[in-house]
Amino acid sequence: MAEIGKGSCGDNKPPPYSRYENEEGVGGGVKMRSAKLSCPRILETALYAEDLETARSFYVDILCFEEISFDPDRDLFLKADGSVLIIFKASRTKIPDSIVPPHGTVGNGHVAFSASEAELEAWKARMGARGIEIIKEINWKNGARSIYFNDPAGNVLEFATPDLWGVTKIVEK
């Protein structure tokens, strides 16, 4: 049995052949092995806000995200470093009128953005200069640091040094 919390994804051995082909190659004539599974990288994550115009100003003008697309009645797609942050209007995305399944949440969400020590200080200064309150600052036992603040919808955002979770360190700029 796989050990919980170790990222083992079962025994992580690829099955002998893909589900589309059997051992004789039926289904395409060529034997194909399936890929070995690993912990997936997050491609996109979502927060929710009802006022997408205000969210757009905040995330683009203050947090420096690059806008991918914007529908003021439904969603805001933002390019992050290697992933996408989507701000959805939950009152619309709960309605089954799209090609994706209905979804939404109640209450404030949370997402943390990676920042080097120098960047963390620069973000603190930027927030202060724009009147955005840092609601919590934590110096973690492992030496990592975090600052927390709210977006206009009440979501709790965080800038944290990457050593918080032992992920790849950012080279100081």
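The values are calculated or read from the model by the stated rules, or taken from the named source; none is laboratory data. This one's a predicted model, so the numbers in the text were calculated from it and none came from an experiment. Here the Cβ is made from the backbone with ideal geometry for all residues, glycine too, and neighbour counts use every protein chain on show. The protein model used for the area step is the full one, side chains on, heavy atoms only, and it has no ligands, DNA or RNA in it. Shrake-Rupley method; radii C 1.70, N 1.55, O 1.52, S 1.80 Å.
What to note about this one:
- VAL156-ALA112 pseudo-label distance in nm [points 7 Å out on the Cα-to-Cβ vector]: 1.2
- The H on the amide N of PHE113, modeled in the peptide plane, is under 5 Å from the matching H of GLU158, PHE159, ALA160, each at least 5 residues off or on a different chain.
- Rg over Rh, two decimals, segment 80-149 (C-alpha only, Kirkwood Rh): 1.09
- Potential lengthening between ASP81 and ILE138 on full extension [0.36 nm per residue; Cα-Cα distance subtracted]: 18.1 nm
- Segment 44-101 - percent of accessible surface contributed by carbon and sulfur, probe 1.4 Å: 52
- Mean accessible surface per residue for segment 85-173, computed with a 1.4 Å probe while every protein chain stays in place, in Å²: 59
- Between ASP51 and PHE70, the contour length at 0.36 nm per residue exceeds the alpha carbon distance by 5.6 nm.
- Rounded to the nearest whole Hz, the Karplus-based 3J(HN,Hα) values (6.51 cos²θ - 1.76 cosθ + 1.60, θ = phi - 60°) of segment 148-155 follow the sequence 10, 7, 9, 8, x, 8, x, 4, with x at glycine and proline.
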